[in-house]
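Engineer: I'd like to ask some things about the structure below.
The values are calculated or read from the model by the stated rules, or taken from the named source; none is laboratory data. Please read these numbers as outputs of a predicted model, since none were measured by experiment. All Cβ positions, glycine included, derive from the backbone under ideal geometry; neighbour counts span all protein chains shown. When the accessible area is computed, the model is the full protein with side chains, heavy atoms only, and any ligands, DNA or RNA have been set aside. Shrake-Rupley method; radii C 1.70, N 1.55, O 1.52, S 1.80 Å.
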Amino acid sequence: MGAHELVEAGRQHVATGRIREAMACFTRAADDPERGAEALSLLAAAYLLPGSLAPELALAHAHRAASHPAVGGEHLARCAAVALTAGDPTLAEELAGRAGHAGGGEALAIRATALLRLGDLAGVRALLAGLERASGPAVFWRRLVVEASAAGRMDVALAVRRAMRRGGLPAPALPDVVVRAAAGPLFFACLAAATVLAAVAPERLAAVLALGFLALGLGMAVVARRA
């Protein structure tokens, strides 16, 4: 069986949940000069699937794929997604940047999310400047909206959400975005209010009001998590 057949067989195995069989196919195709980069990028992604979760191995194979002579933008974007999911935003940003336009909207969303995790808000804004329509898989853009709103970066979250809608991608509902952005500050405000009440109000009244504020804060946190 040639490398092309091995890669396609591996994809079919992934689609049917046979992850170990898929990984065996990708491993056998990894040394092929033409399909090796694709096989390695798919192998890296497979190490993040349920039943085979091993982030350190996913990152190791992402590095191998990124250094393969036949690596292309699609492979680099896939490896960037692996790196972001495996908890290495620095590598994700590097690989998504290398993917460039060949990586499509997926690479752009991943790179922006990686920069957001790295705390480079100026980099995120510069990268997304002039973005009119989001393209590519919606899941990467949704993650960017979710993480930006959870970090309190409403300008980024709303700009990306608008680009998703203009690009015809399913965007998170506006109330969900607002809830995520407000959940953290509101929780700490409720906690502070409960602390103050416990110190200055009569004992029974303070307990009742403090519990009410804590319940409100926790409720918002739960709603934000479900959103």
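Engineer: Taking only the C-alpha atoms, wrap a convex hull around the range 123-162 and report its volume per residue in Å³ as a whole number. Write down the numbers at each step before the final one.
Structural biologist: Details: hull volume 2.5 nm³, N = 40.
Spread over its residues, the Cα hull of the range 123-162 gives 62 Å³ apiece.
Engineer: Okay, next question. Could you sort 46-57, 160-171 so that the peptide with the highest average Cβ count within 10 Å comes first and the rest follow in order?
Structural biologist: On the way: 46-57: 14.7, 160-171: 18.3.
Per-residue Cβ counts within 10 Å, averaged per peptide and sorted highest first, yield 160-171, 46-57.
Engineer: Near the amide H of residue 167, under 5 Å away, which other amide H atoms are found, from residues 5 or more places off or on another chain, if H is placed in the peptide plane?
Structural biologist: 134
Engineer: Skip the ligands, DNA and RNA, and give the accessible area per residue of the range 19-137 with a 1.4 Å probe, whole Å². Can you show the working numbers first?
Structural biologist: Details: 5210 Å² over 119 residues.
Value for the range 19-137: 44 Å² per residue.
Engineer: Spelling out what I want: for every residue of the range 99-115, take phi, set θ = phi - 60°, compute 6.51 cos²θ - 1.76 cosθ + 1.60 (Karplus), and round to whole Hz; glycine and proline get x.
Structural biologist: Each residue's phi maps through the Karplus curve to give 5, x, 5, 5, x, x, x, 4, 5, 5, 5, 5, 5, 5, 5, 4, 4 Hz.
Engineer: Determine, for each peptide in 112-125, 32-45, 10-23, 71-84, the mean count of other beta carbons within 10 angstrom over its residues, then list the peptides with the highest first.
Structural biologist: Values: 112-125: 19.1, 32-45: 23.1, 10-23: 16.2, 71-84: 24.9.
With the highest mean Cβ count within 10 Å placed first, the list reads 71-84, 32-45, 112-125, 10-23.
Engineer: What is the log10 of I(q)/I(0) for the range 1-136, computed with the Debye formula using one identical point scatterer on each Cα and no solvent, at q = 0.15 Å⁻¹?
Structural biologist: Evaluating at q = 0.15 Å⁻¹ gives log10 I(q)/I(0) of -0.69.
Engineer: Given a 1.4 angstrom probe, I'd like the percentage of the accessible area of the range 70-117 that is carbon and sulfur, rounded to a whole number. Don't skip to the answer; put the middle values down first.
Structural biologist: On the way: 760 of 1610 Å².
Here carbon and sulfur together make up 47 percent of the probe-accessible area.
Engineer: For the pair residue 118 and residue 90, how long in nm is the line joining their label points, each one 7 Å along Cα→Cβ?
Structural biologist: If labels sit at residue 118 and residue 90, their model points lie 0.9 nm apart.
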